[in-house]
Amino acid sequence: MPTVRIHPTGEVIHLEPAETVLSGLYRAGYSYTVGCRRGGCAICKVDCRSGEFSYDHPIADTVLDEDERTDGTCLSCRAVPTTDITIELRGEDVRLVNPFLRQINEKARLRAEALAAAPAGPTTQE
Amino acid sequence: MAVMRMGYAHVRVTDMAEAKDHYANTMGLYETHSEGNKTYYKAWDEWDHHSVVLEEGGVGLVKFGWKVEYSSDLDEIEKRATAFGVTVERMSKGENPEIGDGIRFTTPSDHVFEVYHEATCIGTEVGTHNPDAFPRHLVGVGVPALDHALITAEDPGLMDRFLTAVFDFYPTERVQTSLDSDADIIATWMTSGNQIHQLAVLAGPNSKLHHFAFRLGDWVEVGRAADLFSMDDVPIDIGPTRHGITRGQTVYFFDPSGNRNEVFAGGYLAFRDRPMSVWTPDALGKGVFYHARELNDAFTSVLT
Ligand code: FES
Ligand SMILES: [Fe+2]
């Protein structure tokens, strides 16, 4: 599953299938400036420094203008990474508001590492 | 001359299927019509054909409709708006399904208003003959009616004057920079009758929607609405809480396209001769969210 790396602080969030950047960050216990969580208010924009994502809903032109659709702007509540991505927040750092949830992300990290270290062979199952 | 109420709020939604699920199944509105990319709804205690229009494509406000008491009010409002320097066009019956002739103009805040006198009367869900207190098979929150809206404007003072001059509204409460006579208006709550507000205007960008609100009866209904929002994964912005301004009980939440909605209960009776309440910025947190006593990040920045 794709990961989201936060630049420059380096947190790495492990996403579920089809999960948005915002959902992944909140599910890992982090918070940052968001508003409607439904793609309408444009407050949750971050910058994507590397990697690919797509939007899981149509985004209004009033929320993302033409340039922002190609310049790395990432409307985080609707953006679903298709590869590992690195994002940078605009003018703030993520805040860890629920440390218990970080343990879940830690487990996901360990599982992903174990999977990567497994000897090549028949496809490993979940 | 009388504007009776905000007759309809017409908003854009990015995904009609999700929006219909929210407005019909969570809010409990009744679909009365659909054509092309638009869906029309009324609430159970409303009699006119529709009070909410959803249009697929984008987010934010398309327009508000205002219903007047007499057809002659249309001419009067046209005259007053023109005198204020606003260009008024005539709209004819059927331009909006089931809505009669009227006028249309863009306010100094760049919001589109339509004013009309006739709408097809469908009737409330309880009827008029020995009516029961409420329909017994309400869905979700089961809101009875559209109530009011809050829009943003670069110059709320200008909108206060505009609504006074053109709609004969009066302010019930205001936020001002100070109590001095040269104070600037930061926000104004305006109405034509005893309803505490029909339209509020907050300083911010022109043409934007802060929220539109549905009416509820009391605290218990507001709390139950919030419970249903959790069950239906509706993002809650704030609440249940009270507004210091208007004294209304409230939940702010978002529809599936990110338009802010509100459920609003209470609010005291407004009268033209009641001295206006004035809030100053030092107490604005308490004025908006009476319990948290501070504004959240979203209040001034999250708009559609
Ligand atoms: S939080 Fe409103 S667009 Fe993402
Ligand atoms: Fe409101």
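The values are calculated or read from the model by the stated rules, or taken from the named source; none is laboratory data. Since the model is a prediction, treat every value here as computed from it, not as a measurement. All Cβ positions, even for glycine, are placed from backbone atoms using ideal geometry, and neighbour counts span all protein chains on display.
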Worksheet item: Out of all the residues in the stretch B:17-28, is one or more within 11 Å of chain A (Cβ to nearest Cβ), under 15 Å from B:Asn259 (Cβ atoms) and surrounded by 17 or more Cβ atoms within 10 Å (Cβ to Cβ)?
Response: yes
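Going by the structure shown, is A:Leu96 modelled with pLDDT under 95 and not aromatic (Phe, Trp, Tyr)?
Yes: the conditions hold for A:Leu96.
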B:Gly258 fails exactly one of (1) of a type outside the set (S, T, N, Q); (2) in contact with a Phe, Trp or Tyr (Cβ under 6 Å, 6 or more places away or on another chain); (3) over 21 Å from B:Glu46 (Cβ atoms), namely (2)
Q.
Any residue that is under 25 Å from B:Leu216 (Cβ atoms) and surrounded by fewer than 16 Cβ atoms within 10 Å (Cβ to Cβ) - is there at least one of those in the stretch B:98-121?
A. yes
Within the stretch B:31-42, the count of residues that are surrounded by fewer than 19 Cβ atoms within 10 Å (Cβ to Cβ), outside any loop (DSSP other than H, G, I, E, B) and not charged (D, E, K, R) comes to 2
Filtering the stretch A:1-26 for residues that are more than 16 Å from ligand 1 (Cβ to nearest atom), within 29 Å of A:Asp61 (Cβ to Cβ), in a loop (DSSP other than H, G, I, E, B) and touching a Ser or Thr at 6+ places or on another chain (Cβ under 9 Å) leaves a count of 2
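Between A:Thr70, A:Thr86, which is of a type in the set (Ser, Thr, Tyr) and out of contact with any His (no Cβ under 9 Å at 6 or more places or on another chain)?
On the way: A:Thr86 fails: out of contact with any His (no Cβ under 9 Å at 6 or more places or on another chain).
Criteria check complete, one pass: A:Thr70.
Given the criteria surrounded by fewer than 19 Cβ atoms within 10 Å (Cβ to Cβ), more than 14 Å from chain B (Cβ to nearest Cβ) and not in a loop (DSSP other than H, G, I, E, B), does A:Thr86 qualify? Lay out the reasoning, then the answer.
Numbers: surrounded by fewer than 19 Cβ atoms within 10 Å (Cβ to Cβ): yes; more than 14 Å from chain B (Cβ to nearest Cβ): yes; not in a loop (DSSP other than H, G, I, E, B): yes.
Judged against the criteria, A:Thr86 is a match.
Could you please give the count of residues in the stretch B:275-298 that are without any contact (Cβ under 8 Å) to a residue 40 or more places away in the chain and touching a strand residue (DSSP E or B) at 6+ places or on another chain (Cβ under 8 Å)?
Qualifying residue count, the stretch B:275-298: 0.
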Given the conditions (1) within 14 Å of ligand 1 (Cβ to nearest atom); (2) surrounded by fewer than 13 Cβ atoms within 10 Å (Cβ to Cβ), every one holds for A:Val34 apart from (2)
Considering residues that are at pLDDT 95 or above and either at positive phi or of a type in the set (Gly, Ala, Ser) (or both), the number found within the stretch B:267-282 is 2
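Could you check how many residues of the stretch B:231-274 are within 14 Å of chain A (Cβ to nearest Cβ) and either of a type in the set (Phe, Trp, Tyr) or free of Cβ contacts under 8 Å to residues at least 12 places away in the same chain (or both)? Walk me through it before giving the result.
Here is the first cut: in the stretch B:231-274, the ones within 14 Å of chain A (Cβ to nearest Cβ) are B:232-238, B:252-262.
Imposing the further condition that a residue be either of a type in the set (Phe, Trp, Tyr) or free of Cβ contacts under 8 Å to residues at least 12 places away in the same chain (or both) reduces the set to B:233, B:252-254.
Summing the residues that are within 14 Å of chain A (Cβ to nearest Cβ) and either of a type in the set (Phe, Trp, Tyr) or free of Cβ contacts under 8 Å to residues at least 12 places away in the same chain (or both) in the stretch B:231-274 gives 4.
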Taking the stretch A:41-58 and keeping residues over 14 Å from A:Leu22 (Cβ atoms) and either more than 10 Å from every other protein chain (Cβ to nearest Cβ) or in contact with a Leu (Cβ under 7 Å, 6 or more places away or on another chain) (or both) leaves A:Asp47, A:Arg49, A:Ser50, A:Gly51, A:Glu52, A:Ser54
Those residues of the stretch B:43-60 which are outside any strand (DSSP E or B) and either within 14 Å of chain A (Cβ to nearest Cβ) or of a type in the set (Ser, Thr, Tyr) (or both) amount to B:Ser51, B:Gly57, B:Gly58, B:Val59
Would you confirm whether or not the stretch B:275-297 contains a residue that is within 16 Å of ligand 1 (Cβ to nearest atom), surrounded by fewer than 20 Cβ atoms within 10 Å (Cβ to Cβ) and under 18 Å from B:Leu202 (Cβ atoms)?
yes
